[in-house]
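I have placed the structure first, in the form of C-alpha cells, so that the comments after it can refer back to it.
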Amino acid sequence: MNPITFFLAAAAVIAGVGLGFWSSPYYAAPFILVALVIVLSLKMANAWEKFVVLRAGKLQGVKGPGLFLTVPVLDNVVAVIDERIQTTAFNAEQALTKDTVPVNVDAIIFWHVHDAQKAALEITNYRQAIDRVAQTSLREMIGSSMLAALLSDRKAADEQLREEIGGKTAKWGISVTSVEIRDVAIPVALQDAMSRQAQAEREKQARVILGSAEAEIAGKFVEASKIYADNPAALQLRAMNIIYETTKERGTTILIPTSMVDSMNPASTLVLAGQSAQTPSALARRSNGGEREADQVR
C-alpha cells in the first residue's frame with residue numbers, strides 16, 4: 001500500500017470511529033466502507049513503474065506513473081513492470097568453439113522493458129526468458145567463433161550477442177542495451193601451450209631485431225674503417241678514448257699490446273709518417289752521405 005492510500009484510508013477510519021463514538025455507531029459504517037474502497041481502488045505507480053490492469057479478464061490498460069483508480073473486484077493488476085535498466089549475468093560452461101576448444105565464458109546483459117503490455121501478456125516470465133535466450137545465444141556464438149577471435153576481439157563478440165539477443169526479445173517488449181563478456185576461461189594445458197607459443201614468437205622477433213642491429217653495426221664499422229684508413233690521427237684519438245673509458249673505474253688493471261702503445265706515441269707516428277712520405281731519391285742521398293762519412297772515418 002502506498003503512503004497516500006494509507007493516509008486517506010486511515011483518515012476515513014478515524015473519522016468514522018470518532019463520529020461513531022460521539023454520536024451513533026451507525027454513522028461509522030459509511031466511513032469504514034469508504035476506507036475499504038480507497039484501499040482497493042486507489043493505486044500509485046512510481047516514475048519507473050507501469051501497472052498492467054485487466055478488467056474481467058480483458059486488458060483495461062497500462063497505468064502509471066502517478067495515482068490512478070481501479071474498480072474493485074472487476075479490475076485486477078496482473079503485473080507491475082519496472083522499466084529501469086537491469087542486468088542479468090549468464091554463462092556457458094564447457095562450450096566448444098569452432099576449432100573444438102572447450103571454454104567457460106561469463107557475460108552480463110543490460111536490458112530494459114520498453115513495452116510493459118507485451119512484457120506482461122506476450123510471455124509468462126520475461127526475466128527467466130531473457131536468461132535462457134542469453135545462454136543459448138552465447139553458446140551459438142561460441143560455436144561459430146574461433147578461439148583466437150574470441151580472445152582478441154571481444155567488442156565484435158559483444159555486438160554479435162547484443163544483436164542476436166535483442167532480435168529475439170524485441171517481440172516481448174524488451175530492448176537489449178549492451179552485452180559484455182567478462183571472462184573467457186580456457187584449459188590449463190592450452191594456456192601453457194599458448195604461453196610457449198607467445199614466448200617463441202617473441203624470441204624469434206628478438207633474434208630478427210638483433211640480426212638487423214648486427215648488420216647495421218657492421219655497416220657502420222666498415223664506414224669507420226674507411227675513415228680511419230684515410231686519417232691515422234683519428235684512429236689514434238679513438239684508441240686513446242677507448243683506454244680512457246676503460247680506466248674510469250679505480251683499481252682496474254689493463255693489459256695493452258706494445259703495438260697499440262707505439263701507435264698512440266705521437267713522435268713515432270710522425271716518424272713513420274715522415275718515412276712514408278720520403279721519395280726514393282731522398283733515401284738514396286741519405287745512403288750516399290752515410291757512405292762518405294764512413295770513408296772519412298776510415
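Quick check of the Kirkwood formula: for the range 32-155, what is the inverse mean of 1/r over all pairs of different Cα atoms, in Å?
Taking every pair of different Cα atoms in the range 32-155, averaging 1/r and inverting gives 17.6 Å.
Can you tell me how the range 26-84 classifies by the Cα gyration tensor, rounded, prolate or oblate, using a/c under 1.5 as the rounded cut?
Because a/c hits 1.5 or more and a/b fails to exceed b/c, the range 26-84 counts as oblate.
Which lysines have a Cα lying under 28 Å from the Cα of LYS118, excluding residues fewer than 8 positions away in the same chain?
The reachable lysines, counting only those whose Cα sits under 28 Å from LYS118, are LYS43, LYS50, LYS58, LYS63, LYS168, LYS171.
Any chance you could check the Cα centroid distance between the range 1-67 and the range 143-212 for me, in angstrom?
Taking the Cα centre of the range 143-212 as reference, the centre of the range 1-67 is 56 Å away.
Express the C-alpha Rg of the range 86-186 as a ratio against the empirical globular expectation 2.2 N^0.38 Å, rounded to two decimals.
1.08
State to the nearest 20 debye the size of the charge dipole of the range 86-186 about its Cα centre, where the only charges are +1 on K and R beta carbons and -1 on D and E beta carbons.
Here the range 86-186 has a charge dipole of around 220 debye.
Filter the trypsin sites (Lys or Arg not before Pro) in the range 15-104 to those in DSSP coil with at most 16 other Cβ atoms within 10 Å of their Cβ, and list the result.
Qualifying residues, ordered by number: ARG84, LYS98.
Which value in nm describes the separation of the simple spin-label points at GLU201 and ILE14, placed 7 Å from the Cα toward the beta carbon?
Between GLU201 and ILE14, the label points sit 7.5 nm apart.
Values quoted throughout were computed directly from the atomic coordinates according to the rules given, and no laboratory measurement underlies them. Quantities reported herein were computed from a predicted structural model and do not represent experimental measurements. Because the Cβ atoms are built from the backbone with ideal geometry, glycine has one as well, and the counts that use them run over all protein chains shown.
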